[in-house]
Amino acid sequence: MNILHIDASASDSNASHTRRLSSELVAWLGTANPDATIVYRDLFANPLPHVDTTIRDAWTGEDSSDTKLAETMRRFKALVDELKAADVVVVGSPMFTVPSTLKARVDHVSIAGQIFGYTAEGPRDLLSGRVYLILSSGGIYSRGPFAAYDHLSTYLTAIFNFFGIQDVEVIQAEGIAYGPEQHHAAMTSAAKKFRRSPLD
Ligand SMILES: Cc1cc2nc3c(=O)[nH]c(=O)nc-3n(C[C@H](O)[C@H](O)[C@H](O)COP(=O)(O)O)c2cc1C
């Protein structure tokens, strides 16, 4: 099993809710699958640039003698390959609407012919596997009056579905800013959710 673990929180592992939950989940997956290979990416510590002309050229480029383009192509291929190789993707992300670091990671690989393809009938997805979205927010968006404000779980679920991964489990620690009781309840119920989740 190949696990791709991605974190996008701006806080360090002592303070971040999503880093704590995503690392617990990956540890739990690793215990259940001792031969698993784990690739870890910290998008806050090592952010990708916004898509620019070099990156755009790298998507379609042939081997290049231009050093900058060749390096960008190598990096782009590595990003595509690690996503294609993953049987399980674990994404830890706070709600900053959608963190721009995470959006940039998606933008870098959302390329027709790589992660999905187009046919005469429309898009054809190319990935498979399972995704866990570990999300955290100050407010509550899974229900109630602010449900329409949740563009994070909806966006990430849609993009992974579009890539071909229909098995997307959303685990939310919500209402972190609503006081200590809700904070505790949110973290406890989020952790319980993935511990109940089937592994196969
Ligand atoms: C820059 C920034 C933007 C945020 N935007 C929102 C928001 O739009 N809605 C919300 O409910 N919480 C928002 N929050 C609160 C975080 O989502 C919340 O603290 C979350 O638990 C952070 O996850 P982390 O601890 O893993 O970093 C924001 C926090 C920061 C620092």
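Put simply, when 116-129, 99-112, 29-42 are sorted by average Cβ atoms within 10 angstrom per residue, most first, you get 99-112, 29-42, 116-129. For Val170, the residues whose modelled amide H falls within less than 5 Å of its own, excluding neighbours fewer than 5 places apart on the same chain, are Leu133. Of all DSSP bridge pairs formed entirely within the chain, close to 15 percent run antiparallel. Normalised by residue number, the volume inside the convex hull of the Cα atoms of the chain is 136 Å³ per residue.
Among Ser22, Val91, Ser110, flag the residue with its Cα farthest along the positive direction of the charge dipole of the chain, charges on Cβ as +1 for Lys/Arg and -1 for Asp/Glu. Going by the charge dipole, the pick is Ser22. Counted by neighbouring Cβ atoms within 10 Å, the residues Phe96, Phe163, Phe76, Phe44 run from fewest to most as Phe96, Phe44, Phe76, Phe163.
Where a number appears in this text, it was derived from the coordinates with a stated rule and is not lab data. It should be emphasised that the depicted structure is a prediction, and the values quoted were computed from it without experimental measurement. Note that we place each Cβ from the backbone using ideal geometry, even for glycine, and neighbour counts take in every protein chain shown.
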